[in-house]
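The structure under discussion appears below in the form of structure tokens.
The values are calculated or read from the model by the stated rules, or taken from the named source; none is laboratory data. Keep in mind the model is a prediction, meaning the values are calculated, not measured. Neighbour counts are summed over all protein chains in view; Cβ atoms, including those assigned to glycine, are modelled from backbone coordinates with ideal geometry. Each accessible area value is taken on the protein alone, full model and side chains, heavy atoms only, with ligands, DNA and RNA left out. Shrake-Rupley method; radii C 1.70, N 1.55, O 1.52, S 1.80 Å.
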Amino acid sequence: MPKHRPQPPAARHAREVVGLYGDPDNTWGICAELGLTEPVSVDELTRNLAALCAGRPLLGEPPIVRAVSSDAWDDARADVASVPYADGEPLLRILLDSRGLRLLVGAHHGVVDGLGLVAVAAAALGRPIDSGAGGIGARPARHGFLRSSLGRLVEAVFAPPSRFEPTTLVERRHGDGNDRHEDLSLVRLDPGRRGTAALAHAVLRVFEDWSAGTRPLVVVGASRRSPGDLQPDRQTAFLRVQLRRRSTRDAVRAALAAVSPEPDFPVTSVGGVGPRVTHLLRRRLGATALLSNLGMLDGRGLDYVAMFPAASGPRAVAIGLASTPRATVLSLHTRRADFSSADHAALLEALVEKFSAEPGQSAAQ
């Protein structure tokens, strides 16, 4: 599409929403994979998604449902998360495996958040998916967006968050014969009630093995939705939690409980000034890891759910957690420019080991 043509309203809105936050090189692609026990068809998904988008213009044009073979699934899933959203293209991306038993719902993060992906999936399937996630409701931010953004810029200049250093464990490989730009993978675990505090503590333990850094910072994706509200409106929030090395899980839980959410994104990019500023500091922004926990999900024909947050910032490590009565799934999203495929696999293995060692909880924290 010629660059001088105006962006479609839905695309413009999505980009403006994230225009002043985080990594300007990020494609803002998020996705959720759903394993199903009852097969669905491309035609069924197409009809339901057309009806959904017709009633919600900010979701953009109805997506084309792509049927993908099992052999091509991993590469197609990575493309959903990493290929930029061009003008005129749908803001939702849908994959269905050839058996009709695996569904991937992707979206630009300026359109929906993680629970919004679940809402889109439920609409596509034509049946509800119940969520036990309570969200943060109207819990206010401590400061406004401008003051908070200035604080992040000062942090980026003088005390940037520590990063994972994969060279401490595995040999970095620059180019391994695979053209894929990003890696997304998941591990299915027995169902359990380990929540965000357990996940953050496990991430901290792995970080201590992979880095000598002293400023681990995790960003936790949250939602302002009420329990059971799965409408696909964007109601996301973020918690930025500064951790200390060798913190106990109780200390991590306390830090999560005490932190105020980041202020909502303003729907503006200040005439493009915001993205230019963040572009200059892009190698110092971000966090040690981004976490997203969808909590307990349940619905007819639902086997498992895996959440893949956007990979944002240098040496981005994005980790998802989601549970159903059948399985808990831990997932990882990294960029090949930062982590080779061997790095990615080693990091996921370490995360699974530490997370599995965390004691269970009666409810997600």
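Per-residue answers, yes or no, for (1) modelled with pLDDT under 95; (2) over 26 Å from residue 133 (Cα atoms); (3) within 22 Å of the chain's Cα centre (by Cα); (4) of a type in the set (Val, Ile, Thr):
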{"residue": "31", "(1), (2), (3), (4)": "no, no, yes, no"}
{"residue": "58", "(1), (2), (3), (4)": "yes, no, yes, no"}
{"residue": "91", "(1), (2), (3), (4)": "yes, no, yes, no"}
{"residue": "99", "(1), (2), (3), (4)": "no, yes, no, no"}
{"residue": "116", "(1), (2), (3), (4)": "yes, no, yes, no"}
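Would you check if there is a residue in the range 186-200 being farther than 20 Å from residue 357 by Cα and at pLDDT below 95?
no
Quick grid of which residues meet (1) at pLDDT 95 or above; (2) more than 15 Å from residue 236 (Cβ to Cβ); (3) among the acidic types (Asp, Glu):
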| position | (1), (2), (3) |
| --- | --- |
| 264 | no, no, yes |
| 274 | no, yes, no |
| 303 | yes, yes, yes |
| 312 | no, no, no |
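If I filter the range 226-236 for residues that are at pLDDT below 90 and in contact with a Leu (Cβ under 7 Å, 6 or more places away or on another chain), do I get at least one hit?
Yes, the range 226-236 contains at least one residue that is at pLDDT below 90 and in contact with a Leu (Cβ under 7 Å, 6 or more places away or on another chain).
Output the residues belonging to the range 237-254 that are over 17 Å from residue 211 (Cβ atoms) and either surrounded by fewer than 18 Cβ atoms within 10 Å (Cβ to Cβ) or of a type in the set (Lys, Arg) (or both).
240, 248, 249, 250, 251, 253, 254
With the checklist (1) open to solvent by 10 Å² or more (accessible area, probe 1.4 Å); (2) modelled with pLDDT of 95 or more; (3) within 23 Å of residue 208 (Cα to Cα) in hand, flag the one item residue 331 doesn't pass.
Of everything listed in (1) open to solvent by 10 Å² or more (accessible area, probe 1.4 Å); (2) modelled with pLDDT of 95 or more; (3) within 23 Å of residue 208 (Cα to Cα), residue 331 misses just condition (1).
What pairs come out if I take residues in the range 84-96 that are on the phi > 0 side of the Ramachandran plot and assigned to a loop (DSSP other than H, G, I, E, B) and pair them with residues that are modelled with pLDDT under 90 and surrounded by fewer than 22 Cβ atoms within 10 Å (Cβ to Cβ) whose C-beta lies under 6 Å away, six or more apart or interchain?
Listed pairs, sorted by first residue: 88/1.
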